[in-house]
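Participant: Questions regarding the structure given below will be posed in turn.
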Amino acid sequence: GSTECVACDLGQVASVPGSSACSACVAGTYSDVLGQACVICLAGFISTNGSTECVACDPGQVAGVPGSSAGSACMAGTYSDVLGQACVICLAGFISTNGSTECVACDPGQVAGVPGSSECTTCAAGKYSDHLGEACVDCLAGTISIAGSTDCEFCDPGEVAGLAGSSASSACVAGTQP
């Protein structure tokens, strides 16, 4: 028999007094400083087998439950919160790609009409994007636009566009403003 006890290696524990062997902590846990217990990682943190600490998920990834061994990438249309615990849905007018840490606004003349969008859509001729990038709005009667516009313009002097949502290519005709 042994005459003295020896400490377990880092990342291992002897959880029962009088143990004759140490065992590695499983992924999703880490060994306490005394080597007596494996402690579960908090949500937003991960570990591998035999770890001495939990580490934060990589940017754009989350570990939504305690005891996670790996993070998972947030889907397009979402981003990871600062704690790495949840994927948050992008607001209308904003988009993201897989594994994002933030949502970005659509370019002027484009929209993302619903929350959780992964791509922006260019507004068609006869429409313009609202200032929030949430919707394409019809041009008023008497005005026109080309695809991707942020506003509508009046026809040249001596021309009119009689219908709402008119495009620049064919709407202006000889006449007077209504």
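Computed from the coordinates by the stated procedures, all read-outs in this text should not be read as laboratory data. What you see is a predicted model; the values in this text were computed from it and never measured. For neighbour counting, all protein chains shown are included, and Cβ atoms are generated from backbone atoms with ideal geometry for every residue, glycine included.
Participant: Mind checking which of I89, G44, I146 is farthest towards the positive end of the chain's charge dipole, using Cβ charges of +1 (Lys, Arg) and -1 (Asp, Glu) about the Cα centre?
Facilitator: The one lying farthest along the dipole's positive direction is G44.
Participant: Separate question: Pick from C41, C155, C106 the residue whose mean-square fluctuation is largest in a GNM of the chain, springs joining Cα atoms under 10 Å.
Facilitator: Its mean-square fluctuation being the largest, the pick is C155.
Participant: Here's another thing I want to ask about it. Largest first and in whole Å, give the semi-axes of region 11-57's equivalent ellipsoid, each being the square root of 5 times a Cα gyration tensor eigenvalue. Kindly include the intermediate steps, with their values, before the conclusion.
Facilitator: Values: eigenvalues 88, 15, 9 Å².
That gives 21, 9, 7 Å for the three semi-axes.
Participant: While we're here: Counting only other residues whose beta carbon sits under 15 Å from that of I144, what net charge do I get with K and R as +1, D and E as -1?
Facilitator: Numbers: positive: K127; negative: D138, D151, E153, D156, E159.
Combined, the nearby Lys, Arg, Asp and Glu give -4.
Participant: Please work through the chain and write down the cysteines that have no neighbouring cysteine Cβ at a distance under 4.7 Å.
Facilitator: Those would be C5, C57, since no other cysteine Cβ in the chain comes under 4.7 Å of theirs.
Participant: Which residue, G158, A73, T3, has the largest displacement toward the positive end of the dipole of the chain when charges sit on each Cβ (Lys, Arg +1; Asp, Glu -1)?
Facilitator: In the chain, that residue is T3.
Participant: Then there is this: What is the magnitude of the charge dipole of the chain about its Cα centre, with +1 placed on the Cβ of each Lys and Arg, -1 on the Cβ of each Asp and Glu, and no other charges, expressed in debye to the nearest 20?
Facilitator: Taking the Cα centre of the chain as origin, the dipole is about 380 debye.
Participant: For region 110-160, which GluC sites (Glu not before Pro) pass both filters: DSSP loop (anything but H, G, I, E, B) and at most 14 other C-beta atoms within 10 Å?
Facilitator: Details: sites: E119, E134, E153, E159; in loops: E119, E134.
Qualifying residues, ordered by number: E119.
Participant: Let me ask something additional. Would you please classify the overall shape of region 60-107 from the alpha carbon gyration tensor, given that a ≥ b ≥ c denote the square roots of the eigenvalues, rounded means a/c under 1.5, and beyond that prolate means a/b larger than b/c while oblate covers the rest?
Facilitator: Prolate is the answer for region 60-107, as a/c is 1.5 or above and a/b outweighs b/c.
Participant: Further question: How big, in percent, is the set of alpha carbon pairs in the chain lying more than 30 Å apart?
Facilitator: For the chain, the share of Cα pairs beyond 30 Å comes to 51 percent.
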